[in-house]
Amino acid sequence: MRNIFFSFIILGFLINAGCAGRGPIQPPDWVNGNSSKYPSSQYLSGKGQARYQAVARDRARADLAKVFEVSIQEQSEDKSQSNRLFQNGKTRLKLSSRVSRNISTHTDQIISGIEIAGTWQDKTSKQFHVLAVLDRMKAGNILRDNINRLDNVTASAIRQARQDNNLLRKIALAHTALQAQLERKIYNDQLKIVDYSGRGLSSPYTLATLASDREALLQRMSIRTKISADPLGGLDEILKGAVSAAGFGHASKAGEGYVLDAKLTLNETRDAQGWYWQRGTLEISLRQAASQQVQGSKRWNIKASAQDRAMSKKRVRDQIDKVLKKELRQTIIGFGSTASP
């Protein structure tokens, strides 16, 4: 009996010694390097680490998704309307807000394909490590479909613009073609990341040519300003400056080109603290000079205040000047999308 007892003790020591010799459980290869199961030639990957598994999973997805977000930010620093901005004598093109929304939607579609491929917890630090992956082929196919779609949009817009005799619609179509290729460029930059070869799809169009064609059409469109109501004074000068900044030509003769009519209505009040408040609306309408046919109209709400009456009026003028220089160009181009024959 005593021999059996000592045998169990010795066996226990041997088992413990064997377990101790194995050391801690080794992490998967992807924790400190690349995954053999999900090779970089077939998958994009991202990693996340946190004390809580859910947080680590989110960080892994975000780590992978950031390559798409960076490509968007590099192309468009903000989501404002497309305006003609000059830097070092050159035109800088910016995405319209509509195109920016399209990009976000399609990028979300790609990011939704991210999968959690592995989870491992370090027993010592209690930290969770998570691997997220995205199939390069699936993501690439989505991007190629978008690129081909936008090439078709561009081709259709150019074809329609050549056949249309309405200058305003020509401008709108030229703008559509340019914006489609700006959007395409972002998808193509993403494709260069997704495709393991680093290659994208060459475009049959150049942004410089499309931008030049649109600018030429804008300069052909001559506009004469008209003020129907201006209780403050100075609106005509502001409107003319905005038309010029937008790249449109000036119509000097009656019956020539287009007429841009502006009407400002204001209501002044003074509150108990002595502040002067100016509230009202600015409305513009564009019509063909020869036919007097309205091409479109838009209204903006105006509000400004100051303790000095004159200053409150100045702030109204400044607000109008800012709004028109930011939005007039895109507003008039937008009229072309609904312009009558």
> Residues in region 279-301: is at least one modelled with pLDDT of 95 or more and acidic (Asp, Glu)?
Replying inline: yes
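Considering only region 106-116, state which residues are under 24 Å from ARG144 (Cβ atoms) and either touching a residue at least 24 places away in the same chain (Cβ under 8 Å) or outside the structural domain of ARG136 (by TED's automatic domain parsing) (or both).
HIS106, THR107, GLN109, ILE110, ILE111, GLY113, ILE114
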>> For the condition within 31 Å of the chain's Cα centre (by Cα) and more than 23 Å from GLY234 (Cβ to Cβ), what is the one hit in GLN295, GLN273, GLN288?
In response: GLN295
> ARG159 versus (1) part of a helix (DSSP H, G or I); (2) under 26 Å from the mean Cα position of the chain (by Cα): which is the lone unmet condition?
Replying inline: (2)
>> Give me the residue from region 197-227 that is touching a helix residue (DSSP H, G or I) at 6+ places or on another chain (Cβ under 6 Å) and in a loop (DSSP other than H, G, I, E, B) and, out of that set, farthest from ASN146 (Cα to Cα).
In response: MET221
> So which residues in region 26-36 are farther than 26 Å from ARG199 by Cβ and in contact (Cβ under 8 Å) with a residue 40 or more places away in the chain, if there are any at all?
Replying inline: PRO27, PRO28, TRP30, VAL31
>> Taking the condition of being loosely packed, with under 15 Cβ neighbours inside 10 Å and either of a type in the set (Ser, Thr, Tyr) or touching an Asp or Glu at 6+ places or on another chain (Cβ under 9 Å) (or both), how many residues in region 98-114 meet it?
In response: 4
> Hey, among ALA262, ALA246, which residue is at pLDDT 95 or above, under 22 Å from THR338 (Cα atoms), small (Gly, Ala, Ser) and not assigned by TED's automatic domain parsing to the domain that holds ALA174?
Replying inline: ALA262
> Within the bounds of region 136-159, is there any residue that is acidic (Asp, Glu), more than 15 Å from ASP63 (Cα to Cα), surrounded by 14 or more Cβ atoms within 10 Å (Cβ to Cβ) and touching a residue at least 60 places away in the same chain (Cβ under 8 Å)?
Replying inline: no
>> over 30 Å from the mean Cα position of the chain (by Cα) and assigned to a helix (DSSP H, G or I): which single residue out of LYS314, LYS326 fits that description?
In response: LYS314
>> within 30 Å of ASP213 (Cα to Cα) and not acidic (Asp, Glu): is that true of ALA157 in this structure?
In response: yes
>> Quick check on region 253-260. Is at least one of its residues touching a helix residue (DSSP H, G or I) at 6+ places or on another chain (Cβ under 9 Å), of a type in the set (Phe, Trp, Tyr) and surrounded by 15 or more Cβ atoms within 10 Å (Cβ to Cβ)?
In response: yes
> Among the residues of region 241-290, which ones are part of a loop (DSSP other than H, G, I, E, B) and either touching a residue at least 60 places away in the same chain (Cβ under 8 Å) or polar (S, T, N, Q) (or both)?
Replying inline: ALA246, GLY247, PHE248, SER252, GLN273, ALA289
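The values are calculated or read from the model by the stated rules, or taken from the named source; none is laboratory data. Keep in mind it's a predicted model, so treat the numbers as computed, not measured. Reconstructed Cβ throughout: ideal geometry from the backbone, glycine too, with neighbour counts over all protein chains shown.
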